[in-house]
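Each remark here refers to the structure printed beneath this line.
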Amino acid sequence: MTVTWEELGWERLADGVGRVRLPGWDCTVGLVVGEGSALLVDAGSSLAEGARLGAQAARLAGGGVTLLALTHPHFDHVLGAAASGAAECFAAEGAYALHADERGREELRADAVRHGLDAGAAAEAAAAMVRGGREVRDRLALPLGGGREALLVNAGPGHSGHDLAVVVPGDRPVVFCGDLVEESGEPQAGPDAVPDRWPAALDLLLELGGADASYVPGHGAVVDAAFVGAQRDALAARFGVSR
C-alpha cells in the first residue's frame with residue numbers, strides 16, 4: 001500500500017524529496033528518491049533512531065536506503081549512520097578521519113551525552129560509527145536514476161570543519177544545508193567552527209540554489225533565499241567578517 005510523506009510525519013518538499021524534523025534537538029533528516037535508489041541526508045542521533053528513519057525511508061522510496069550523505073560530523077547528525085547498513089556513505093573531505101580512532105569516537109560519545117543522549121545509546125552508536133566511505137573534495141554529481149541526480153558539495157568549512165551540502169535540482173531546487181543554516185535558534189559555533197569562512201559558505205549555498213530554492217536548515221523550518229542572506233549578514237557581523 002502506498003504511503004504518503006505526511007502519514008509518516010515527513011514534510012514533502014518536491015516530487016520525491018522530503019524531510020523530517022526529529023524530536024530532541026529538532027534535527028532535520030532528508031530523503032531524495034530516485035529510480036531504484038534512495039539518498040538519506042543525515043542519519044539521526046542513535047542507532048535506534050537511524051533504524052526508524054531507514055524503515056520510514058524504505059516505505060517512502062519503495063525500497064531500502066542505498067546512499068547516505070552526512071552533512072557534518074556532529075553526533076545529532078551522524079550517530080545513526082551505522083543503522084543504514086549497506087548504504088554507500090558520503091561526507092566532506094576529512095570528516096571520516098575524525099571518528100577513525102578510539103579517541104575520536106570517545107569525543108563523539110561524550111559530546112552526545114553532554115547534550116542529553118542516553119549514555120548507553122551514545123556508547124553503542126559511537127562504537128558502531130561509520131569509519132569510511134567516499135569523501136567529497138569539491139562537488140560530486142550523484143545519479144539517482146530516472147533522470148534525477150543530487151549534487152553533493154563540500155560547502156565549508158563554516159559551522160564545522162567539514163560541511164557538506166546536498167542540492168536537488170528542479171523547477172524549485174531543494175538545498176539541504178546542514179547546520180550551515182539554522183532556523184529554530186541562533187547558529188551554533190562550537191570548537192570546530194571556522195567563523196571567518198562561514199559567511200562565504202552561505203554565499204555558496206545561495207549561488208547553488210538561487211533565489212527560488214527551498215533551503216532546508218539543519219534545525220528548524222524550511223527557509224528561503226532571503227532568510228539565508230540575512231543569516232549570512234548576521235554571521236558576518238557577529239564574527240567581524242567583511243565581504
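The values are calculated or read from the model by the stated rules, or taken from the named source; none is laboratory data. Computed from a predicted model, the values in this text were never measured in an experiment. Virtual Cβ from ideal backbone geometry, glycine too; neighbours counted across all protein chains shown. Protein only, heavy atoms only, side chains kept; ligands, DNA and RNA dropped before computing areas. Shrake-Rupley method; radii C 1.70, N 1.55, O 1.52, S 1.80 Å.
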Glu11-Arg131 FRET efficiency (beta carbon distance; Förster radius 25 Å; 0.05 resolution) = 0.20
Between Gly36, Cys177, Ala14, whose Cα lies farthest towards the positive end of the dipole of the chain when Lys and Arg beta carbons carry +1 and Asp and Glu beta carbons carry -1, centred on the Cα centre?
-> Gly36
Using the heavy atoms of the protein chains and a 1.4 angstrom probe, tell me the accessible area per residue for the chain in square angstrom.
-> 42
In whole percent, how big is the carbon plus sulfur part of the accessible area of the stretch 1-132, probe 1.4 Å, protein atoms only?
-> 51
The chain: relative contact order in percent, alpha carbon pairs under 8 Å with at least 6 residues between | 15
For the chain, give the magnitude of the charge dipole about the Cα centre (Cβ charges: +1 Lys/Arg, -1 Asp/Glu; no others), in debye to the nearest 20.
-> 240
So what is the calculated 222 nm ellipticity per residue for the chain, using -39500 (n - 2.57) for each DSSP H run with n of 4 or more, over all residues, to the nearest 500 deg cm²/dmol?
-> -8500 deg cm²/dmol
What's the extension gain from Asp192 to Thr4 if we count 0.36 nm per residue and subtract their Cα-Cα distance?
-> 63.9 nm
